[in-house]
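To start, the structure itself, in structure tokens.
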Amino acid sequence: MSDSDLAAAVSERDETALEAIYRQHGGAVKTVARRVLNDDALADDVVQDVFVTLWRAPERYDASRGSLRTFLLTVAHRRAVDVVRSEVARSPREEKSPPPETVVDLDSEFWQRTQSALVRQAVADLGDDERKAISLAYFGGLTYIEVARELGEPEGTVKSRIRSGMRKLADVLGDVAS
Amino acid sequence: MNDHRWAESVALYALDALEGQELAEFEEHLETCEACPAELDDYRAVASRLVRDETASNETWERIQATIRADSPDVTAQPGPPTSRWGWVAVAAALALLLGGLLGWQLATTGDPGSENIVTAAENAATSQDSIVADFLVEDVAVAQVVLTADGKGYVIPTDDLTGLDADRTYQLWVINTAEDVISAGVLGAQPEPATFTWTGDVAGFALTREVAGGVVSSAGDVVSVITDL
């Protein structure tokens, strides 16, 4: 079934359609939530929240704007970031966060082994500074100001690097990005 | 290619790397811009490619399944969008905040600033035209006031009419955003004192509930008051 068909089935309260979506994308949703939150139990809460929300409001998914996977990961990332952006949540999270070098997922051996060759190459072609800035922002759940602080770079420089890196990735992966 | 002055903001927004005033300004711009939404979709699709897949756990699916099966028929029978945001919020309150939140944290109530300073800070913040100021009401009696500044500093000031709870219970504050998500902003404890919190996202309302001590991920439904008329 297409993404649109699955979303339509969920709209008609087809639980098997929701389960199919979960089986297909739930793992990736968990991955992004866990990376941002650095907490397995909290990540499970985000996964549950994302799919329950899809069940209750499937009309939020607009197939003309992208794939169901992209939609779910966008929602999951936002939810996870909302959690860590709470001032009272931030201190405990920082205390237990891994050091910056392990936060930079796109350089990790595990990431290199598990991604497709096309994505791997596109990321490898980025400058180190672009890759680190994107990784800290996306997988670290940091604002660009926090990324700048983490890297010891001017905020404007980090903004430019994130934008140029994302533009390069979009140019390479654009037609096949799912 | 989006070359106008928002070009960098699109990429940052796609990665959720904006917050505060910059986030608010870009979201306002996004509502009218013709170029940015398409570029945003590109970047979000790219970001989704960076995430590796793993096997989705059966345990989490069982939790999801249990939750959706527990939904009220009144909710599940209405798959379309809510006709009124405020109507939905009212339903959400009545249905014990079914969407749930993500986590409760102890709101800052001690240290710097102390309770007295928190009250003063809240009073000062409330004078700003850009601040949200609203009361949690129980039978038309204010039990707490919530103040949220434009830059995301929040204050909860309980009144004497907010009764204390047993030690194994806590009051918990929830933010309802414009996407109708209900997200925990923190716990207030059993004997609430003036407290601060931070919320930099959009806001459509607030809810105050009674929960087990320590706070909960999803409300058990003991709703004290809901604010929807911001």
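The values are calculated or read from the model by the stated rules, or taken from the named source; none is laboratory data. Computed from a prediction, not measured in an experiment: that's the story for all the values here. Cβ atoms come from the backbone with ideal geometry, glycine included; neighbour counts cover every protein chain shown.
Quick look at the numbers
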| item | result |
| --- | --- |
| The listed residue being β-branched (Val, Ile, Thr) and surrounded by fewer than 21 Cβ atoms within 10 Å (Cβ to Cβ), out of B:Val203, B:Val175, B:Val226, B:Val187 | B:Val203 |
| Among (1) in contact with a Pro (Cβ under 9 Å, 6 or more places away or on another chain); (2) closer than 18 Å to B:Asp202 by Cα, the one test that B:Ala121 misses | (2) |
| Yes/no for B:Ala190 being over 9 Å from the mean Cα position of the chain (by Cα), modelled with pLDDT under 80 and farther than 17 Å from B:Gly154 by Cβ | no |
| Scan of segment A:62-94 for residues that are more than 7 Å from chain B (Cβ to nearest Cβ), modelled with pLDDT of 90 or more and either surrounded by 24 or more Cβ atoms within 10 Å (Cβ to Cβ) or touching a Lys or Arg at 6+ places or on another chain (Cβ under 9 Å) (or both), ordered by number | A:Phe71, A:Leu72, A:Val75, A:Ala76, A:Ala80 |
| Any hit, segment B:99-121, residues being outside any loop (DSSP other than H, G, I, E, B), more than 30 Å from A:Gly26 (Cβ to Cβ), touching a Gly at 6+ places or on another chain (Cβ under 7 Å) and modelled with pLDDT under 90 | yes |
| Given (1) surrounded by 13 or more Cβ atoms within 10 Å (Cβ to Cβ); (2) modelled with pLDDT under 90; (3) of a type in the set (S, T, N, Q), number of the condition B:Thr83 does not satisfy | (1) |
| Boolean, A:Arg13 is over 14 Å from A:Phe71 (Cβ atoms) and not in a helix (DSSP H, G or I) | yes |
| Condition met for A:Gly27 (within 7 Å of chain B (Cβ to nearest Cβ) and either surrounded by fewer than 24 Cβ atoms within 10 Å (Cβ to Cβ) or at pLDDT below 90 (or both)) | yes |
| Residue count for segment B:183-230, restricted to those that are farther than 15 Å from B:Thr149 by Cα, within 10 Å of chain A (Cβ to nearest Cβ) and in a strand (DSSP E or B) | 4 |
| Close pairs from segment A:159-171: first touching a residue at least 24 places away in the same chain (Cβ under 8 Å) and facing chain B (nearest Cβ under 7 Å), partner buried (at least 24 other Cβ atoms within 10 Å of the Cβ) and outside any helix (DSSP H, G or I), Cβ under 7 Å, at least 6 apart | A:Ile162/B:Leu15; A:Ile162/B:Ala17 |
| The lone exception for B:Asp181 - which of (1) surrounded by fewer than 21 Cβ atoms within 10 Å (Cβ to Cβ); (2) within 28 Å of A:Asp49 (Cβ to Cβ); (3) among the acidic types (Asp, Glu) it fails | (1) |
| Some residue of segment A:119-138 being hydrophobic (A, V, I, L, M, F, W, C), at pLDDT 90 or above and more than 24 Å from B:Asp53 (Cβ to Cβ) | yes |
| Listing of helices (runs of 4 or more DSSP H) fully contained in segment B:1-53 that carry 1 or more residues being exposed (fewer than 15 other Cβ atoms within 10 Å of the Cβ) and within 8 Å of another protein chain (Cβ to nearest Cβ) | B:36-49 |
| Selection status of A:Val47, within 9 Å of chain B (Cβ to nearest Cβ), part of a helix (DSSP H, G or I), in contact (Cβ under 8 Å) with a residue 12 or more places away in the chain and aliphatic (A, V, I, L, M) | yes |
